[in-house]
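Worksheet for the structure shown next.
The values are calculated or read from the model by the stated rules, or taken from the named source; none is laboratory data. Since the structure is predicted, the reported quantities are computational estimates derived from the model, not experimental observations. Glycine also receives a Cβ, built like all others from the backbone with ideal geometry; neighbour counts cover every protein chain displayed.
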Amino acid sequence: MEARPDMTVSEEEQQISELVVRLTDKFPHLTPRCVREEIHRIHRDFADHRVREFIPLLVERIAERQLSRRVSYRSISGRPLSDFSSTSRCGTREPGRDRQHT
């Protein structure tokens, strides 16, 4: 992901959309909805920052760390992610099920 000092809002949104696709592919055991919601939640945390050029990169790094923890925690416990958090809609994807990138 490339940071640019003159990034427009639409360019930032495009980079976030591309990030959703990349991380959905990188974390195939998480649902696309889970990945998308985590990325958008992190992105919203930066909404009031004036300097925007590094926001997509920061969102990517934070999201990768958070999603990795979800996968690692599930693999250690063997329990579905939904068992750990009542507010999380993050579940695992069924093997062989088609993914949707939105």
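Those helices (runs of 4 or more DSSP H) of region 1-93 in which at least 3 residues are modelled with pLDDT of 95 or more, more than 10 Å from the chain's Cα centre (by Cα) and of a type in the set (D, E, K, R), considering only elements entirely within it, cover 9-26. Within region 24-47, the residues that satisfy the criterion of being under 12 Å from ARG70 (Cβ atoms) and surrounded by fewer than 20 Cβ atoms within 10 Å (Cβ to Cβ) are HIS29, GLU37.
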